[in-house]
1. Give the residue that is nearest to the ligand (Cβ to nearest atom), with candidates limited to residues of segment 36-87 that are charged (D, E, K, R) and in a loop (DSSP other than H, G, I, E, B).
2. State the number of residues belonging to segment 54-74 that are within 14 Å of ALA40 (Cα to Cα), buried (at least 17 other Cβ atoms within 10 Å of the Cβ) and free of Cβ contacts under 8 Å to residues at least 40 places away in the same chain.
3. Which one is farthest from VAL71 (Cα to Cα), of the residues in segment 1-20 that are hydrophobic (A, V, I, L, M, F, W, C) and out of contact with any Ser or Thr (no Cβ under 7 Å at 6 or more places or on another chain)?
4. Tally up the residues in segment 13-40 that are within 19 Å of GLU83 (Cβ to Cβ), crowded, with 19+ Cβ neighbours inside 10 Å, out of contact with any Lys or Arg (no Cβ under 8 Å at 6 or more places or on another chain) and hydrophobic (A, V, I, L, M, F, W, C), please.
5. Suppose we keep only residues that are outside any helix (DSSP H, G or I) and either under 13 Å from the mean Cα position of the chain (by Cα) or touching a residue at least 12 places away in the same chain (Cβ under 8 Å) (or both) within segment 8-27. Which one would you say is nearest to ARG54 (Cα to Cα)?
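Any read-out appearing in this document is the output of simple, stated calculations on the displayed coordinates, not a laboratory observation. Keep in mind the model is a prediction, meaning the values are calculated, not measured. When we count neighbours, we look across all protein chains shown, and the Cβ atoms used for this are built from the backbone with ideal geometry, even at glycine.
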Amino acid sequence: MTIEGLQSGPELHPLQKAFVSESALQCGYCTPAMIMAANALINTEPEPNEDTIRENLANNLCRCTGYDRPVKAVLKAVKDMKENRNA
Ligand code: FES
C-alpha cells in the first residue's frame, strides 16, 4: 500500500486528516513514511500509547517538526478512529 491507497475516494484517512489538523508536517518529505508507519502500528494495535507511537515512528527521520506534532497527530487519529468505532 502507498500513502495514496489510504484515502477512501475523496475522503482522507483519519491519520492524514490528523497530520493536517495538528500541523504535523512542514516540508512533507517524511510525512508519507510517518503515516504509513503509524497505520501499520494501528492495524496491529488499535489503541497504542504515546511511548509505543514514539518507538514506532523512531526510524522515520524528520528534520522539520521535532516529532511532537506527528506523535500528537497519531494520538488524535487513534482517538478519532476509536470514536468512529463506538459511534
Ligand atoms: S516535515 Fe520536513 S522532514 Fe518531516
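1. ARG63
2. Of the residues in that region, 3 qualify.
3. Keep residues of segment 1-20 that are hydrophobic (A, V, I, L, M, F, W, C), which gives 1, 3, 6, 12, 15, 18-20.
This time we only want the ones that are out of contact with any Ser or Thr (no Cβ under 7 Å at 6 or more places or on another chain), so: 1, 3, 6, 12, 15, 18, 20.
On the way: MET1: 22, ILE3: 18, LEU6: 19, LEU12: 18, LEU15: 11, ALA18: 10, VAL20: 13 Å.
Ranking the candidates gives MET1 first.
4. Residues flagged as within 19 Å of GLU83 (Cβ to Cβ), crowded, with 19+ Cβ neighbours inside 10 Å, out of contact with any Lys or Arg (no Cβ under 8 Å at 6 or more places or on another chain) and hydrophobic (A, V, I, L, M, F, W, C) within segment 13-40 amount to 3.
5. Within segment 8-27, the first condition is being outside any helix (DSSP H, G or I), and the residues that meet it are 8-13, 22-27.
Then drop every residue that is not either under 13 Å from the mean Cα position of the chain (by Cα) or touching a residue at least 12 places away in the same chain (Cβ under 8 Å) (or both), which leaves 12-13, 22-27.
On the way: LEU12: 23, HIS13: 20, GLU22: 16, SER23: 17, ALA24: 14, LEU25: 16, GLN26: 19, CYS27: 20 Å.
Of everything passing the filter in segment 8-27, ALA24 is nearest to ARG54 (Cα to Cα).
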